[in-house]
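The values are calculated or read from the model by the stated rules, or taken from the named source; none is laboratory data. All figures in this text were calculated on a predicted structure; none of them were measured in a lab. Here the Cβ positions follow ideal geometry from the backbone for every residue, glycine too, while neighbour counts run over all protein chains shown. Surface accessibility is based on the protein's heavy atoms, side chains included, excluding ligands, DNA and RNA. Shrake-Rupley method; radii C 1.70, N 1.55, O 1.52, S 1.80 Å.
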Amino acid sequence: MANPFNAALQQLKKAADIAQIDAEIVEQLRQPQREYHIAIPVRMDNGSLKIFTGYRVQHNDARGPHKGGIRFHPKTDINEVKALSFWMTFKCACVGIPYGGGKGGVTVDPKKLSIGELERLARGWARAMAPYIGPDKDIPAPDVYTTPQIMAWIMDEYSKAVGKYTPGVITGKPLAVGGSQGRGTATAQGGIYVTEELIKKMRLKNPQVVVQGFGNAGSFFAKLASKKGWKVVAVSDSKGGIYNPKGLDITKLFAHKQKTHSVLDFPGSKNISNTQILTLACDILVPAALEGVITKEVAGKIKARAIVELANGPTLPEADEKLAKRGITLVPDILANAGGVTVSYFEWVQNLSNYYWTEKEVFEKLKPIMVQAFNDVWSAGQKYKTDLRTGAYIHATTRIAAAMKARGQV
Ligand code: NAD
């Protein structure tokens with residue numbers, strides 16, 4: 001697969017060229033401030049010792065501590081983590097929360113680990129990284145195949161390392177240990193707020209929606225979308241997808257996935273592949289799985305009128321150009337999926353003040369942030385006569401540049 005970090009750099013370059021952003025700022029943003037490569041020894045259940053490779057990349061902290069999830073995936077490598085870390089810097093700036101960017105990962109297939117092995121791996125990551133993370137330094141969170149339980153283990157291990165209960169070191173925790181109401185559905189909910197704004201701008205009525213990926217981001221997006229009366233006609237997970245042009249019953253689909261561990265063979269629907277799902281006829285396509293799935297070739301075949309990127313980096317730069325030429329509107333990841341990090345920010349604020357909010361309060365605070373960010377990005381796109389991704393990068397980079405200049409970093 002293409003190197004996602006190169007794709008990320010191309011996105012910044014396009015924005016920098018159009019908005020004539022200070023070259024010294026761009027040069028600093030082209031590379032992460034720090035990269036950690038760690039070896040994590042884990043005692044396996046069969047008595048053997050296995051060494052896993054882990055990472056943390058701290059891209060930029062001009063606007064606040066580094067912030068970003070940890071991914072456990074067999075294909076995770078340093079270029080992926082660098083790209084994800086880079087996108088976090090721009091995402092936090094895009095929605096205006098006071099953080100920089102960071103990201104972590106471990107090259108592992110967590111589905112092949114027992115629960116005990118998974119816990120030892122998570123604790124190993126936390127022990128190795130404890131000197132370099134912290135509530136005012138770098139605050140991890142969940143990402144693909146990492147869960148609230150994993151966040152709790154990491155928080156516990158870090159708390160032991162520093163000798164005090166420190167819930168603010170990580171977000172996406174269970175409610176019992178300082179998690180926030182609403183964090184589980186925040187990415188999807190933020191995506192819904194942004195999609196509502198898009199629907200208004202595009203004057204779409206009762207949109208038909210396709211969602212690739214049925215994990216934290218995708219499954220809750222599908223659920224909330226169908227609750228709003230939008231017709232979700234297809235979804236997929238790592239094993240493949242399902243399609244029903246009359247619309248899927250998402251509540252029943254949740255039960256089916258829980259029972260069979262897959263969306264496939266859902267009664268009343270047709271099984272399709274993960275490539276087919278991207279080119280189905282619909283109004284809004286929501287990639288919510290992994291990066292790099294919308295290639296130039298796929299972009300030429302997409303029939304959706306708009307794309308809302310709930311996943312990070314699903315669209316390659318050549319595909320972006322193709323989509324723009326074909327008049328398909330794309331709401332970029334650094335805006336569309338920023339609901340997750342925004343509620344992570346709320347979780348951290350609650351941890352630091354030791355005062356907790358209701359779910360209603362969380363979403364009342366999230367909505368205006370997402371709506372404002374969407375309209376800021378839309379305006380930047382109009383002002384510079386460019387696509388929304390480039391508009392989002394211009395908007396975000398302006399904020400980062402202001403912080404770098406104020407701090408005397410350029
Ligand atoms: P998750 O682990 O909860 O779910 C991942 C989903 O993707 C699963 O349904 C899995 O079956 C599916 N999947 C894996 N490989 C696939 C493939 N090859 N084709 C199709 N589907 C595949 O992860 P998540 O947290 O939902 O993350 C999904 C995307 O959203 C990632 O790009 C992540 O970076 C992004 N994201 C997540 C959050 C969050 O708060 N969870 C926030 C912002 C962005």
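Residues A126, A93: which one is away from the ligand (no atom under 16 Å from the Cβ) and crowded, with 24+ Cβ neighbours inside 10 Å? So that I can check it myself, show each step before the final result.
Working: A93 fails: away from the ligand (no atom under 16 Å from the Cβ).
On inspection, the qualifying residue turns out to be A126.
Taking the residues in the stretch 347-376 that are touching a strand residue (DSSP E or B) at 6+ places or on another chain (Cβ under 9 Å) and within 18 Å of Y99 (Cβ to Cβ) as candidates, determine which candidate is most open to solvent (accessible area, probe 1.4 Å). Quick ask: steps written out before the conclusion?
The initial filter retains those residues of the stretch 347-376 that are touching a strand residue (DSSP E or B) at 6+ places or on another chain (Cβ under 9 Å), namely 347-348, 374.
After this cut, where a residue has to be within 18 Å of Y99 (Cβ to Cβ) as well, the list is 347-348.
Values: E347: 1, W348: 35 Å².
Filtering first and then ranking leaves W348.
Just need a number here: residues in the stretch 319-348 that are more than 12 Å from the ligand (Cβ to nearest atom) and under 11 Å from M370 (Cα atoms).
0
How about the stretch 310-400: which helices (runs of 4 or more DSSP H) wholly inside it have at least 3 residues that are more than 21 Å from A188 (Cα to Cα)?
Working: elements: 317-325, 333-336, 339-353, 359-383.
Ranges flagged: 317-325, 339-353, 359-383.
Does the stretch 4-30 hold any residues that are open to solvent by 30 Å² or more (accessible area, probe 1.4 Å), of a type outside the set (A, V, I, L, M, F, W, C) and in contact with a Lys or Arg (Cβ under 9 Å, 6 or more places away or on another chain), and which are they?
Once the filter is applied, which keeps residues that are open to solvent by 30 Å² or more (accessible area, probe 1.4 Å), of a type outside the set (A, V, I, L, M, F, W, C) and in contact with a Lys or Arg (Cβ under 9 Å, 6 or more places away or on another chain), the stretch 4-30 yields K13, K14, D22, R30.
Hey, E309 hits all of (1) assigned by TED's automatic domain parsing to the domain that holds I294; (2) within 16 Å of the ligand (Cβ to nearest atom); (3) touching a residue at least 40 places away in the same chain (Cβ under 8 Å) but one; which does it fall short on?
E309 satisfies every listed condition except (3).
Could you please let me know if P148 is assigned by TED's automatic domain parsing to the domain that holds I115, more than 16 Å from the ligand (Cβ to nearest atom), closer than 25 Å to C92 by Cβ and at pLDDT 95 or above? Outline the logic, then answer.
On the way: assigned by TED's automatic domain parsing to the domain that holds I115: yes; more than 16 Å from the ligand (Cβ to nearest atom): no; closer than 25 Å to C92 by Cβ: yes; at pLDDT 95 or above: yes.
The answer is no for P148.
Of the residues in the stretch 187-239, how many are at positive phi and under 21 Å from the mean Cα position of the chain (by Cα)?
The number of residues fulfilling the criteria is 1.
Just the residues that are open to solvent by 40 Å² or more (accessible area, probe 1.4 Å) and in a loop (DSSP other than H, G, I, E, B), please, taken from the stretch 157-173. Give the steps one after another, and end with the answer.
Let us first name the residues in the stretch 157-173 that are open to solvent by 40 Å² or more (accessible area, probe 1.4 Å), namely 160-165.
Residues satisfying the conditions are G163, K164, Y165.
Examine the stretch 232-240 for a residue that is farther than 18 Å from V293 by Cβ and in contact with a Leu (Cβ under 6 Å, 6 or more places away or on another chain), and state whether such a residue exists.
Yes, the stretch 232-240 contains at least one residue that is farther than 18 Å from V293 by Cβ and in contact with a Leu (Cβ under 6 Å, 6 or more places away or on another chain).
For the stretch 96-117, which positions are open to solvent by 40 Å² or more (accessible area, probe 1.4 Å) and of a type outside the set (S, T, Y)? Give the derivation first.
Taking the stretch 96-117 and keeping what is open to solvent by 40 Å² or more (accessible area, probe 1.4 Å), we get 98, 107, 109, 111-112, 115.
Within the stretch 96-117, P98, D109, K111, K112, I115 qualify.
Which of (1) within 17 Å of I154 (Cβ to Cβ); (2) open to solvent by less than 10 Å² (accessible area, probe 1.4 Å) is the odd one out, the single condition R120 does not satisfy?
Failed condition: (2).
Among strands (runs of 3 or more DSSP E) lying entirely in the stretch 1-104, which contain 3 or more residues that are closer than 28 Å to I294 by Cα?
Working: elements: 34-43, 49-60, 66-73.
Counting at least 3 such residues, we get 49-60, 66-73.
Within the stretch 216-257, track down each residue that is under 19 Å from N274 (Cβ atoms) and surrounded by fewer than 16 Cβ atoms within 10 Å (Cβ to Cβ).
S238, K239, P245 - these are the residues of the stretch 216-257 that are under 19 Å from N274 (Cβ atoms) and surrounded by fewer than 16 Cβ atoms within 10 Å (Cβ to Cβ).
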